[in-house]
Amino acid sequence: MNEALQSIIPPEKLEELVSISRKIFLKPKEYFIREGEVPKKFAFVFSGLFRYVYINNKGLEFTKGIIAEHQFISSYSAMISSKPSHFFIEALEDSEILQIPYDKWSVFLKDDIFWVKLLLKSVESGFIIKEKRERDLLLLNAETRYLNFLKDYPDMQHRISQSIIASYLGIQPESLSRIRKKISS
């Protein structure tokens, strides 16, 4: 089993989790969750890269988040409320994940405080990332947001397209090109 998962879950607990889960492989542009789908699953990313993306009725994409290996992916609020997801979870690279069914996971949460603590830790981590992202979008200019992106996601600019980076930063690709040109000169 993946070393990253072994580092956060003791062997006996990991066996329990694996017993209700299954490994899934996704290719770039495949969706783990689709907008409008009521999600009944979440996953741990062994390898690969994902993004949370909104697509409006004009086909414009707005990247909400980028999730790399050793993190969980989920349309969490939709999953726990049994409502349709408002966004897609899209693979950006060949990816290997451990898909976990929410109904079986819920039983773990009721029966063992370990899983509640693991969930809390994951939700807290996600909240910290979300709060920083919101603050950056509201208070920082595009160039500073890009510099923060490079610091927060080292080498990510080599893994994803400039249009996705621009979407994540809330700017047009042309603006990102100007920022990159200014920074490199």
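Answer yes or no as to whether I179 is surrounded by 17 or more Cβ atoms within 10 Å (Cβ to Cβ) and in a loop (DSSP other than H, G, I, E, B). Working first, answer last.
Values: surrounded by 17 or more Cβ atoms within 10 Å (Cβ to Cβ): yes; in a loop (DSSP other than H, G, I, E, B): no.
Taking the combined requirement at face value, the residue does not satisfy it.
Can you name the residue in the range 1-49 that is more than 19 Å from the chain's Cα centre (by Cα) and of a type in the set (S, T, N, Q) and, of all such residues, is modelled with the highest pLDDT?
S19
List the helices (runs of 4 or more DSSP H) that sit entirely inside the range 102-175 and contain at least 2 residues that are of a type in the set (G, A, S).
On the way: elements: 102-111, 113-139, 142-152, 162-169.
Counting at least 2 such residues, we get 113-139, 162-169.
Could you tell me how many of the residues in the range 1-46 are closer than 18 Å to H70 by Cα and small (G, A, S)?
So the answer is 4.
Table: residues versus (1) among the basic types (K, R); (2) under 30 Å from I171 (Cβ atoms); (3) loosely packed, with under 13 Cβ neighbours inside 10 Å.
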| position | (1), (2), (3) |
| --- | --- |
| G48 | no, yes, no |
| Y54 | no, yes, no |
| K64 | yes, yes, no |
| S75 | no, yes, no |
| F87 | no, yes, no |
| E90 | no, yes, no |
| E93 | no, yes, no |
| W105 | no, no, no |
| I113 | no, no, yes |
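Mind listing whichever residues of the range 30-45 are touching a residue at least 60 places away in the same chain (Cβ under 8 Å) and buried (at least 16 other Cβ atoms within 10 Å of the Cβ)? I'd like the intermediate steps shown before the answer.
Filtering the range 30-45 down to residues touching a residue at least 60 places away in the same chain (Cβ under 8 Å) leaves 30-32, 39-42.
Passing the criteria: F32, P39, K41, F42.
Based on what the data block shows, is L109 free of Cβ contacts under 8 Å to residues at least 40 places away in the same chain and farther than 17 Å from Y52 by Cβ?
Details: free of Cβ contacts under 8 Å to residues at least 40 places away in the same chain: yes; farther than 17 Å from Y52 by Cβ: yes.
Yes: the conditions hold for L109.
Name every residue in the range 78-100 that is in a helix (DSSP H, G or I) and out of contact with any Lys or Arg (no Cβ under 8 Å at 6 or more places or on another chain), in order of residue number. Before the answer, list the steps.
To start, the set of residues in the range 78-100 that are in a helix (DSSP H, G or I) comprises 78-81.
Answer for the range 78-100, where residues must be in a helix (DSSP H, G or I) and out of contact with any Lys or Arg (no Cβ under 8 Å at 6 or more places or on another chain): A78, I80, S81.
Return the residues of the range 62-116 that are within 17 Å of the chain's Cα centre (by Cα) and polar (S, T, N, Q); say none if nothing qualifies.
If the condition is that a residue be within 17 Å of the chain's Cα centre (by Cα) and polar (S, T, N, Q), then T63, Q71, S74, S75, S77, S85, S95, Q99 are the ones that fit.
The values are calculated or read from the model by the stated rules, or taken from the named source; none is laboratory data. Please read these numbers as outputs of a predicted model, since none were measured by experiment. Every residue, glycine as well, gets a Cβ built from its backbone with ideal geometry; the counts of neighbours run over all protein chains shown.
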